[in-house]
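Contents: one structure, followed by commentary.
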Amino acid sequence: MNDPLPGTTVPDHRGRTGLHLTGRDLDRNPRVEVTDVELLAAGWHVLRATTFRYRGDDGEWVTQKRETYDRGNGATILLYDPARRTVLLTRQFRYPVYINDHPDGMLIETAAGLLDDDDPLTAIRREAEEETGVRVDEVQHVFDVYMSPGSVTERLHFFAAAYDGSTRVGDRGGLEEEGEEIEILEFGIDDALQRIRSGEIQDAKTIMLLQWTVLDGPFSAGR
């Protein structure tokens with residue numbers, strides 16, 4: 001008899017159990033019936049293969065199988081200085097983009113991180129201070145987005161907050177104990193938008209928040 005996989009009935013290295021049960025009790029959509037959940041890997045995050053029956057528009061039931069990658073939910077924030085019309089971004093090495101044709105893997109982004117056990121607002125205040133050194137109190141919720149719904153379960157919570165760029169000091173951020181080496185960048189909003197057009201800024205969440213600032217946010221024509 002095979003021993004149970006870590007993360008099922010016995011804890012994995014993070015102390016988690018029941019990872020093979022996720023989705024089995026879902027009943028919000030009467031056209032979907034989950035029939036089996038296979039735990040493929042439980043590293044820092046979780047990879048599952050789920051088999052389910054789906055009733056199509058013709059009323060017929062078909063069996064489908066999907067792999068999902070569960071890394072938890074996250075939050076991101078755009079820091080902006082309304083008086084100076086600037087935004088505060090970060091740049092750090094991202095290995096996944098490096099192996100997928102990014103020139104050097106040094107990606108320009110808004111501050112972001114996983115929620116872990118915090119609510120989105122608490123998490124994004126923490127991430128903003130850790131990555132940029134800026135402490136924010138008044139935070140605006142912008143929207144929530146599923147970034148890669150074909151295979152990744154993550155929902156990302158988007159926020160924005162004003163900062164006073166005239167008092168900002170330092171150009172490095174991140175937690176040394178987590179191996180983070182983060183460069184802090186300050187751009188004028190027009191410069192940042194041009195960097196999207198040139199391809200220098202390629203991160204989806206960052207592009208979405210920068211475009212939001214000029215469509216509906218602090219730099220929109222109606223403000």
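Available extension along the chain between I207 and D70 is 47.0 nm, counting 0.36 nm per residue and deducting the alpha carbon span. Subtracting the Cα-Cα distance of E200 and H102 from their residue separation scaled by 0.36 nm leaves 34.3 nm.
Computed over the chain, the per-residue total of -39500 (n - 2.57) for DSSP H runs of n ≥ 4 gives a 222 nm mean residue ellipticity of -5000 deg cm²/dmol, rounded to 500.
Give me Rg over Rh for the stretch 74-215, both radii from the alpha carbons and Rh done the Kirkwood way, two decimal places. Don't jump to the answer; show the numbers that get you there.
Numbers: Rg = 14.3 Å, Rh = 15.4 Å.
Here the Rg-to-Rh quotient is 0.93.
Comparing L21, L39, L107 in a Gaussian network model of the chain, where Cα atoms under 10 Å apart are tied by springs, the biggest mean-square fluctuation is seen for L21. If only the Cβ of Lys and Arg carry +1 and only the Cβ of Asp and Glu carry -1, the dipole of the chain around its Cα centre is close to 560 debye. Under a model in which nothing but the beta-carbon of Lys, Arg (+1) and Asp, Glu (-1) is charged, the stretch 1-76 shows a dipole of about 240 debye around its Cα centre. Each residue, R94 and T122, gets one label point 7 Å from its Cα in the Cβ direction; the gap between the two is 2.7 nm.
Every read-out reported here was derived from the displayed coordinates using simple, explicitly stated rules and does not represent laboratory data. Since we're looking at a predicted model, the values are computed, not measured. Neighbour counts run over all protein chains shown; Cβ positions are idealised from the backbone, glycine included.
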